[in-house]
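Undergrad: This is the structure I have questions about; it appears just below.
The values are calculated or read from the model by the stated rules, or taken from the named source; none is laboratory data. As the structure is a computational prediction, the values presented were derived from the model and not from experiment. FYI the Cβ positions are ideal-geometry reconstructions off the backbone, even for glycines, and counts take in every protein chain you see. Ligands, DNA and RNA are excluded from the accessible area calculation, which covers all protein heavy atoms including side chains. Shrake-Rupley method; radii C 1.70, N 1.55, O 1.52, S 1.80 Å.
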Amino acid sequence: MSPVNLDRRSFLRISALAGGGLMIAAYVDPVTGLFAQGRQGGPPPVPNSFIKIAPDGRVTIIGKNPEIGQGIKTTLPMLIAEELDVPWDTVTVEQGDLDAKYGQQSAGGSTAVPNNYTAMRQIGAGARQLLISTAAAQWNVPESELTTDAGKVLHAASKRSVGYGALAAKALTMPPPDPASVKLKDPKDFKIIGKNTRNVDNAAIVTGKPIFGIDAKLPGMLYGVIHRCPAYGGKATSANLDELKALPGVKQAFLLDPVVPSLSGGVVILADNWWTAQSARARVKAVWDSGAAVANSSEGFAAKAAELAPKFPANATRKDGDAEAAFGTAAKVVEAAYFYPFLSHAGLEPLNATVSVKDGKCEIWAGTQQPSGIPRNVAQATGLQAADVTVHMMRMGGSFGRRLNNDFITEAAKIAQTAGVPVHIQWTREDDMTHDNYRGAGFHFLKGGVDASGKVVAWRNHYIAPTGTNLNQAEFPARFIQNYLLYNSVIDSKVPTGPMRAPGSNGVAFAIQSFIDELALAAGKDPLQFRIDMLSQPLVLPPPPDPNAPAAGGRAGGPGGGAPNPFGGWDPARMKATLELVREKSGWGKTKLPAGTAMGVAFHMSHQGFFSEVAEVSVDAQKRVKVNHVWVAGDIGRQIINPINAQAQIQGSVIEGLSSLMSWEITIKDGAAVQQNFDEYQPVRLRQAPKAIEGFFVASDYNPTGLGEPVLPPILPAVANAIATATGVRVRTLPLSKAGYKWA
């Protein structure tokens, strides 16, 4: 989605706060959720309140997007505060609930910054201009003679100044400025943007304030657990409900058929407290209807993939040139099969939702990445009206894509309606891990050829997925190799899958970038330079547009404006710049490393971010692995809004990627997950993390893009490539622990 701006049809609205303060709003298109940009017809836009200025000058800014630890509750208000020209330490940030007046509210795809960067700044700048106009009228001086600083309007000629709070009452009588006439700050004048800023919830987190979904409490509510059919899509046909209801503290017990397709049905137990409900769960005796999923297993998926591998589909997903003929003329041909497994999101805060359904109204307190879909989903499950569903957005203790699916919230609403009392439904770690919407597994059967000069002349990938998904036909190295073939095959599976941090990239990058290293070795080339050479090849251009075809809709131009990028955002020059930067920062090839230690490199472009990474890794004779140092070089546009948070995102992405590289795997047996808790699904411990993770950025002339996801994919192949170089043995199946590796 393209960044949006306020235009002449958009405008500011002002209204009074209790006590004479000032509320400043912007109008938002209620249909698209974007700032209105000349949309004709339809209902009038709704006011979108972002800024509150109290008579004493205190400023409150609304954080409109869900906060999952990515820092957006801090980042978006920083943009407003910068243009409003108020000191950050005088700003209070409040979390907004789901409301059409805030426009689009979501956390996913690293889209919050590119979608809101300009618009949030325009709101702050428009409010600042309103206050300047108010002071100019009050002093009877030209607006051009006035400036602002630290929450005050200044008139240098008369040495007068007035705080924003003192202007609040008068500002209510002033016409709002035309956003098209409002000038944004020159970046050289930034006082907040680009400065290290601690996240606004830090104090509340470390002091245990109730800001997470798990903390929500309602008067008279019952605590609930759900004992589910282990097999995906199954349900309970009967259970010992009377026995369960007779247990001390248990108030209700009933069967629950699947409310949404992604969750199995089971037995609901509601009690005075959560531990009582959870303890009663051990007494459940249910008869299960496991359904068709019971025939699924990871072993079965692998056997089916091996059967399908040589049976290419009749039609290729993508075919450039003649790859099969090019293999015949290649100097060297390499074939390899790669696999990565299902993964659980494993957020530290298990799924939970607190819901009250009363008098035809539903009120929800929960962490969600996609709140806008909740009213519709709840309405479908309960028969209520979507307009009667209120969503209070709570902070999330991790999610990584799991809470993009609101299945657990829809289910909790149905339980509350059935129970007739407010409920707090709390999952366990085992529930989370065995009934997740998993990162999909994938099999890549790859073949590549290089000529005598070391150039890649042919590439074939048969991608087989037990998830019902296909590999994107634009995935690298498509367009960068003249003879390229991509086949997609699907294995029928009942395993529920969904987005996980850097979806569509977090596994693919491991296979593609590892195989590129294999080709570099076959060509006798330096792996980093080999990648630069690949990016320097003449590109396979898309066919020219049909002059008779209707014009395509949407915004013209790439991230920085100008002509549309014909490669879906892929810019070889931007990626090469990150490779050059990471080569410089890591000292690639300049130092002879001791035996058992090597560097590995990889790159990947996802979610509009270009990243190259180098890892220095040591491996001993017992296959103990130590990642000594990681260098990350990225291009996410011209502006890093909050550098300290950017580095935190880099470090978190690297460490999460290392967890999935070494030990994370969900295996399926009899249609159910085998792994149930962290003892079987171990994340990287602090003592196992790299001693140094350094992040660097290429300054490019593109609008800012997100950072929460694109750092993760390259770290897996970078470390895997280093291990292969250090040991001379290539591991093509994840996790590495299956090949006997472990952290030092």
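Undergrad: K195 to K358: extension gain in nm, 0.36 nm per residue of separation minus the Cα-Cα distance?
TA: Computed gain between K195 and K358 is 54.0 nm.
Undergrad: With a 1.4 Å probe and all protein chains kept in place, how much accessible area does M174 have, in Å² rounded to the nearest 10?
TA: Using a 1.4 Å probe on the heavy atoms, I get roughly 40 Å².
Undergrad: Kindly give Rg over Rh for the range 82-145, based on alpha-carbon atoms, with the Kirkwood expression for the hydrodynamic radius.
TA: 1.09
Undergrad: I would also like to ask the following. Once you order the gyration tensor axes a ≥ b ≥ c over the Cα atoms, which shape class does the range 109-185 get: rounded for a/c under 1.5, otherwise prolate or oblate by comparing a/b with b/c?
TA: Prolate is the answer for the range 109-185, as a/c is 1.5 or above and a/b outweighs b/c.
Undergrad: While we're here: Below 15 angstrom from the Cβ of G208, what's the summed charge of the other residues (Lys, Arg +1; Asp, Glu -1)?
TA: For residues surrounding G208, the net value is 0.
Undergrad: If you roll a 1.4 angstrom probe over the protein chains with everything in place, what fraction of the accessible area of the chain belongs to carbon and sulfur, to the nearest %?
TA: Carbon and sulfur together cover 53 percent of it.
Undergrad: In addition: Treating only the Cβ atoms of Lys and Arg (+1) and Asp and Glu (-1) as charged, compute the dipole magnitude of the range 632-744 about its Cα centre; round to the nearest 20 debye.
TA: Magnitude of the dipole: close to 400 debye.
Undergrad: Right, another one. Considering every pair of different Cα atoms, what Kirkwood radius, in Å, is found for the range 104-251?
TA: About 21.6 Å for the range 104-251.
Undergrad: How much solvent-accessible surface does V630 expose, in Å² to the nearest 10, with a 1.4 Å probe and all protein chains in place?
TA: Solvent-accessible area, nearest 10 Å²: 0 Å².
Undergrad: How many Å² of accessible area per residue for the chain, probe 1.4 Å?
TA: 40 Å²
Undergrad: If you don't mind, there's one more thing I want to ask. Could you check the spin-label model distance between K623 and L593? Points 7 Å from the Cα along Cα→Cβ, value in nm.
TA: Using points 7 Å along Cα→Cβ, the separation is 2.0 nm.
Undergrad: Follow-up. Less than 14 Å Cβ to Cβ from E335, Lys/Arg counted +1 and Asp/Glu -1: what total charge do the surrounding residues give?
TA: +3
Undergrad: Suppose every K and R has +1 on its Cβ and every D and E has -1 on its Cβ; what is the size of the dipole of the chain about the Cα centre, in Debye to the nearest 20?
TA: Value, rounded to 20: 720 debye.
Undergrad: For the range 647-691, just the Cα atoms, rotate onto the principal axes and tell me the three extents in Å, largest first.
TA: 42, 18, 14
Undergrad: Right, next: Taking +1 at the Cβ of each Lys and Arg and -1 at the Cβ of each Asp and Glu, which of G401, V698, A336 sits farthest along the dipole of the chain towards its positive end, judged by Cα position relative to the Cα centre?
TA: Farthest along the dipole direction, towards plus: V698.
Undergrad: For the range 615-633 and the range 92-123, what is the separation of their C-alpha centers, rounded to whole Å?
TA: After rounding, the separation between the Cα centres reads 39 Å.
Undergrad: Separate question: If you work out Rg and Dmax of the Cα atoms in Å from the coordinates, which of [x] 29.8, 107; [y] 27.9, 84; [z] 34.8, 129 do you get?
TA: Computing Rg and Dmax of the Cα atoms in Å and matching it to [x] 29.8, 107; [y] 27.9, 84; [z] 34.8, 129 gives [y].
Undergrad: Roll a 1.4 Å probe over the protein heavy atoms and report the accessible area of W139 in Å², nearest 10.
TA: We get 40 Å² for W139.
Undergrad: Need the full-extension length gain, E335 to N240, defined as separation in residues times 0.36 nm minus the C-alpha distance. One decimal, nm.
TA: Roughly 28.6 nm would be gained on extension.
Undergrad: Does the range 434-533 come out rounded, prolate or oblate, given a ≥ b ≥ c as the square roots of the eigenvalues of its C-alpha gyration tensor, rounded meaning a/c under 1.5 and, failing that, prolate meaning a/b above b/c?
TA: Prolate.
Undergrad: Same structure again: How big is the Kirkwood radius of the range 208-263, worked out from every pair of different alpha carbons and given in Å to one decimal?
TA: Here the Kirkwood hydrodynamic radius works out to 14.1 Å.
Undergrad: Can you tell which of I193, W274, I211 lies farthest toward the positive end of the dipole of the range 170-299, using +1 and -1 charges on the Cβ of basic and acidic side chains (Lys, Arg; Asp, Glu)?
TA: I193
Undergrad: Using only the alpha-carbon atoms, what does the range 240-366 span along each of its principal axes? Please give whole angstrom values in decreasing order.
TA: The Cα atoms of the range 240-366 stretch 77, 33, 28 Å along the principal axes, largest first.
Undergrad: For the range 413-553, with only Lys/Arg (+1) and Asp/Glu (-1) charged at the beta-carbon, what is the dipole magnitude about the Cα centre, in debye rounded to 20?
TA: Value, rounded to 20: 80 debye.
Undergrad: Okay, moving on. Using alpha-carbon positions, what is the distance between the centroids of the range 215-243 and the range 333-380, in Å?
TA: Cα centroid of the range 215-243 versus Cα centroid of the range 333-380: 18 Å apart.
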